[in-house]
Amino acid sequence: MKQVRPKKNLGQHFLIDLSIAKRIADTVDACPELPVLEVGPGMGVLTQYLMEKPRPVKVVEIDTESVEYLNEHFPRLRENILGEDFLRMNLNKVFDGKQFVLTGNYPYDISSQIFFKMLDNKDLIPCCTGMIQREVAQRMASAPGNKAYGILSVLIQAWYDVEYLFTVDENVFNPPPKVKSAVIRMTRNEVTDLGCDEQLFKRVVKTVFNQRRKMLRVSLRQIFSGREVSPDFYQHDVMTRRPEQLSVAEFVDLTNLVASQL
């Protein structure tokens with residue numbers, strides 16, 4: 001079977017540098033023994049190195065042409081090729097409710113959605129690695145006080161330690177993307193309970209970053225939408241700050257402050 005042609009509508013950019021594929025595969029070694037689920041294997045450039053590791057590997061691929069290619073070129077993998085949409089999958093069923101490592105050369109246009117799904121399944125996924133657009137990787141790994149620090153930074157760092165591992169040039173792909181890429185690794189931290197209402201935490205983070213240039217006392221008003229708020233609520237010191245200045249712990253405190261008024 002001939003090679004799979006990259007499809008623009010699926011955001012496919014096939015990695016063609018084998019040394020980088022091996023480096024990405026080796027990022028899963030930080031979480032030994034757990035099975036691996038690879039998202040978007042394409043023609044298996046990363047898969048071939050994952051299969052060398054002494055652990056179960058499954059791949060999920062939405063592109064039927066790529067599924068045919070993988071079936072033909074990786075006969076040993078056949079029972080473990082899932083022709084599905086990762087974003088719609090029930091991840092509990094992948095390894096019968098067991099924890100696993102998530103990895104892949106992720107499609108850039110849905111990488112944030114992939115990580116939000118990871119967060120929804122954080123107890124199943126103690127480790128996530130892979131390649132994404134460099135700008136997104138910088139956002140995820142950014143510390144407070146930086147321009148890149150935002151919604152993704154706070155929501156992911158609440159539950160995971162994020163490592164920006166290395167940058168990847170455009171010319172190692174077919175077709176080359178218009179942006180640089182980066183390889184990251186996220187490992188579950190020790191947090192089992194945020195110390196606040198988790199849904200409200202997400203809502204507060206998203207609300208204030210949607211008006212990131214405004215002080216919190218302005219952006220938080222829309223959460224209350226006409227509801228009566230105690231006069232001293234807006235007098236707290238934190239209210240004169242902007243969202244990118246707050247650490248995850250301070251967002252937890254802010255969420256509890258908001259909860260006291262709801």
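The values are calculated or read from the model by the stated rules, or taken from the named source; none is laboratory data. Everything numeric in this text was worked out from a predicted model, so none of it was measured. Glycine gets a Cβ as well: all are built from the backbone with ideal geometry, and neighbour counts include every protein chain shown. For the accessible areas, the whole protein counts, side chains as well, though only heavy atoms, and no ligand, DNA or RNA atoms are used. Shrake-Rupley method; radii C 1.70, N 1.55, O 1.52, S 1.80 Å.
List, please: which pairs have Cβ atoms under 8 Å, are six or more places apart or on different chains, and start with a residue in the range 232-253 that is of a type in the set (Gly, Ala, Ser) and end with one that is open to solvent by less than 80 Å² (accessible area, probe 1.4 Å)? Hits for this filter: Ser247/Pro144. Give the range 215-254 a look and list any residue that's within 16 Å of Pro144 (Cβ to Cβ), among the polar types (S, T, N, Q) and part of a helix (DSSP H, G or I), or say none. Answer for the range 215-254, where residues must be within 16 Å of Pro144 (Cβ to Cβ), among the polar types (S, T, N, Q) and part of a helix (DSSP H, G or I): Thr240, Gln245. With respect to being open to solvent by 50 Å² or more (accessible area, probe 1.4 Å) and touching a residue at least 12 places away in the same chain (Cβ under 8 Å), Asp193 falls outside the description. Take Ile114 and decide whether it is closer than 22 Å to Val204 by Cα, open to solvent by less than 30 Å² (accessible area, probe 1.4 Å), touching a residue at least 60 places away in the same chain (Cβ under 8 Å) and assigned to a helix (DSSP H, G or I). Considered against the rule, which asks whether it is closer than 22 Å to Val204 by Cα, open to solvent by less than 30 Å² (accessible area, probe 1.4 Å), touching a residue at least 60 places away in the same chain (Cβ under 8 Å) and assigned to a helix (DSSP H, G or I), Ile114 comes out as yes.
Restricting the range 93-111 to residues that are open to solvent by 80 Å² or more (accessible area, probe 1.4 Å) and assigned to a helix (DSSP H, G or I) leaves a set whose member that is modelled with the lowest pLDDT is Asp109. Within the range 130-182, the set of residues being open to solvent by less than 10 Å² (accessible area, probe 1.4 Å), closer than 22 Å to Phe100 by Cα and either part of a loop (DSSP other than H, G, I, E, B) or touching a Pro at 6+ places or on another chain (Cβ under 6 Å) (or both) comprises Ala158 only.
Could you tell me which of the residues Val67, Val59 is free of Cβ contacts under 8 Å to residues at least 24 places away in the same chain, surrounded by fewer than 21 Cβ atoms within 10 Å (Cβ to Cβ) and not in a loop (DSSP other than H, G, I, E, B)?
Details: Val59 fails: surrounded by fewer than 21 Cβ atoms within 10 Å (Cβ to Cβ).
Sole residue among the options that is free of Cβ contacts under 8 Å to residues at least 24 places away in the same chain, surrounded by fewer than 21 Cβ atoms within 10 Å (Cβ to Cβ) and not in a loop (DSSP other than H, G, I, E, B): Val67.
In the condition set (1) within 22 Å of Gly145 (Cα to Cα); (2) in contact with an Asp or Glu (Cβ under 7 Å, 6 or more places away or on another chain), Ala259 is compliant with all but (1). Consider Asp161 carefully, then state whether it is among the acidic types (Asp, Glu) and without any contact (Cβ under 8 Å) to a residue 12 or more places away in the chain. Spelling it out, it is not the case that Asp161 is among the acidic types (Asp, Glu) and without any contact (Cβ under 8 Å) to a residue 12 or more places away in the chain.
Within the bounds of the range 172-182, is there any residue that is at negative phi and within 13 Å of the chain's Cα centre (by Cα)?
Of all residues in the range 172-182, those at negative phi come to 172-182.
Cutting the leftovers down to within 13 Å of the chain's Cα centre (by Cα) gives us 182.
Scanning the range 172-182 turns up at least one residue that is at negative phi and within 13 Å of the chain's Cα centre (by Cα).
Scanning the range 119-129 for residues being free of Cβ contacts under 8 Å to residues at least 24 places away in the same chain and either buried (at least 16 other Cβ atoms within 10 Å of the Cβ) or touching a Cys at 6+ places or on another chain (Cβ under 6 Å) (or both) gives a total of 0.
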